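Asker: Structure incoming, see below.
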Amino acid sequence: MKVTAVILAAGLGTRMKSAQPKVMHTVCGQPLIEYSLRAAWDATTEMPVVVVGYGAEAVRDFLGEAARAVIQEPQLGTGHAVQQAEAILKGKTDLVLVTYGDMPMLRPETLNRLVETQRANPGPITMLTVHFADPRGFGRVVRSADGQVQAIVEEAAATPEQMQITELNVGAYCFTSDWLWEALHRLPLSKKGEYYLTDTVELAVKAGLAVQALVTDDASEIIGVNSRIHLSEAEAAMRARISAAHMLAGVTMIDPARTYIEAGVTIGRDTVLWPDTYLQGETTIGENCKIGPNSILRDTIVGNDCTVLASVLESALLEDDVDIGPFGHLRKGAHLCKGVHMGNFGEVKDSTLGPGTKMGHFSYIGNATIGPDVNIGAGTITCNYDGEKKHPTEIGEGVFIGSDTMLVAPVKLGAGARTGAGSVVTKDVPPDTLAVGVPARAIRKLEKKVRSKE
């Protein structure tokens, strides 16, 4: 049986007070539409259809090849929105799952249950409902004395008795395809001049057809985003859901309320997250790490047994057994190999630090390739930019860089070389050679040490 999702994402979102399409606002690092899209993909068998309107180009650009977009113009209500998918879906799918692009908390598992309920339903509709004391503007589900769904009454049209109903229409439905396309053409025009999808329930009931209601017991799923206040509610709920999933998988959070983890992050077991840690983008952290407090990791890969204390890591790579901080900064292209130590107030950009290398505090390493077991003294700077271009620095295995050394790129230091404190190195230093002074000059050869063959 073919099942296709239609995601409604055409609304202006007036209460958001934004030039950006509502569904492109983010929750835990992902646009609202991304959550709806992922849930729809999980619950269906065919490529979803997204109904776009306001800001259509931006939404289409984001969707790419992940969905088919159809435009609703003019925007004449939810029933009219679903109708825009008829031309590409009629006769090509058995069931139609309808959801909204501004409801990020709807779980894939719930939508799967909705579809499965409709598979067994002899009638044309299964709808998702919730029992909740705060109506949040949702329509009330009216049932008959024997418990059968009779209608959905919008809050504005509800009688005082109906206002007391606590069963709410969440806004997710699964329809029999053929019945849906025919019913959409029979929807009545509302007083606002729009066609409402909720009126399909009344059409089915009047025809003596069964309308099923699947009740979710997770009230957080009903959070829809119509204002910045709702956006913050969704953010808090999603953060709690993400944190709970990581803790159940073996991650320790000292204070979950003060730990921010975006949806694309993965974390290994026995890792400990301290307060005021922010894990963003496509960050991956291994096992048995200690992150924070006061650390930001964005699009960064961290191996096992690493420590990151009060530092900022952006698009960086850490192998196993690396420790950083406090107050370290890894910028794009920073690669710290196994066993690297980076002291406080250090910065690395577009550089590789070899295994076992130690980088002292107050140092900057940019556009450099550094071998294993190098000692980078405090205050060392690679002077990699000449005002027009950036130049490389190469440092061999076992080099010892004295404190406050300036390495004026392009420059190479051979394996086992040393620089004196305060040196300004403007020329290559041969292996096993000591260079000192301003500008630095080689003054003697050093005893050659046995170095690693790795």
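Asker: Could you check the stretch 55-74 and list, in sequence order, the residues that are buried (at least 17 other Cβ atoms within 10 Å of the Cβ) and touching a residue at least 60 places away in the same chain (Cβ under 8 Å)?
Answerer: If the condition is that a residue be buried (at least 17 other Cβ atoms within 10 Å of the Cβ) and touching a residue at least 60 places away in the same chain (Cβ under 8 Å), then A67, Q72 are the ones that fit.
Asker: Give the residue, chosen from L32, L63, L37, that is of a type in the set (A, V, I, L, M, F, W, C), touching a helix residue (DSSP H, G or I) at 6+ places or on another chain (Cβ under 8 Å), within 20 Å of E116 (Cα to Cα) and not assigned by TED's automatic domain parsing to the domain that holds V265.
Answerer: L37
Asker: Select from the stretch 345-370 the residues that are part of a loop (DSSP other than H, G, I, E, B) and modelled with pLDDT of 95 or more and list them in ascending order.
Answerer: Matches in the stretch 345-370: F345, G346, D350, S351, G354, P355, G356, T357, F362, S363, N367.
Asker: Oh, and also: Here are some residues: D42, D102. Which one is assigned to a loop (DSSP other than H, G, I, E, B), at pLDDT 95 or above, of a type in the set (D, E, K, R) and within 29 Å of L214 (Cα to Cα)?
Answerer: Matching residue, one of D42, D102: D102.
Asker: Same structure again: Since T433 meets every condition but one in (1) hydroxyl-bearing (S, T, Y); (2) closer than 27 Å to K338 by Cα; (3) under 45 Å from the mean Cα position of the chain (by Cα), which condition does it not meet?
Answerer: Evaluating T433 over (1) hydroxyl-bearing (S, T, Y); (2) closer than 27 Å to K338 by Cα; (3) under 45 Å from the mean Cα position of the chain (by Cα) leaves (3) as the failure.
Asker: OK, next. Output the number of residues of the stretch 406-440 satisfying the condition of being under 19 Å from T352 (Cβ atoms) and either touching a residue at least 40 places away in the same chain (Cβ under 8 Å) or of a type in the set (S, T, N, Q) (or both).
Answerer: Counting residues in the stretch 406-440 that are under 19 Å from T352 (Cβ atoms) and either touching a residue at least 40 places away in the same chain (Cβ under 8 Å) or of a type in the set (S, T, N, Q) (or both) gives 2.
Asker: Please enumerate the residues belonging to the stretch 295-318 that are among the aliphatic types (A, V, I, L, M), assigned to a loop (DSSP other than H, G, I, E, B) and more than 12 Å from H329 (Cβ to Cβ).
Answerer: L309
Asker: I would also like to ask the following. Given the criterion assigned by TED's automatic domain parsing to the domain that holds G79 and part of a loop (DSSP other than H, G, I, E, B), identify the matching residue among L203, L168, L189.
Answerer: It is L189.
Asker: To continue, here is another question. Counting just the residues of the stretch 300-324 that are among the small types (G, A, S) and surrounded by 22 or more Cβ atoms within 10 Å (Cβ to Cβ), which one comes out farthest from G356 (Cα to Cα)?
Answerer: Ranking the candidates gives S311 first.
Asker: Looking only at the stretch 431-447, count every residue that is closer than 22 Å to N367 by Cβ and at pLDDT 95 or above and tell me the total.
Answerer: Looking only at that region, the number is 2.
Asker: Right, another one. Collect the residues in the stretch 389-413 that are under 36 Å from the mean Cα position of the chain (by Cα) and not in a strand (DSSP E or B), keeping them in residue-number order.
Answerer: Passing the criteria: K389, H391, P392.
Asker: Of everything in the stretch 148-165, what is outside any strand (DSSP E or B) and closer than 27 Å to M105 by Cβ? Give them in sequence order.
Answerer: E154, E155, A156, A157, A158, Q162, M163, Q164, I165, listed by residue number.
Asker: Can I ask one more? Among the residues of the stretch 247-273, which ones are farther than 21 Å from E235 by Cα and either crowded, with 20+ Cβ neighbours inside 10 Å or without any contact (Cβ under 8 Å) to a residue 12 or more places away in the chain (or both)?
Answerer: Of everything in the stretch 247-273, just one residue is farther than 21 Å from E235 by Cα and either crowded, with 20+ Cβ neighbours inside 10 Å or without any contact (Cβ under 8 Å) to a residue 12 or more places away in the chain (or both), namely T271.
Asker: Here is a follow-up. So, in the stretch 206-240, of the ones that are of a type in the set (K, R) and not assigned by TED's automatic domain parsing to the domain that holds A133, which residue ends up farthest from V23 (Cα to Cα)?
Answerer: R239
The values are calculated or read from the model by the stated rules, or taken from the named source; none is laboratory data. Worth saying up front: this structure is predicted, and the values here are computed from it rather than measured. All Cβ positions, glycine included, derive from the backbone under ideal geometry; neighbour counts span all protein chains shown.
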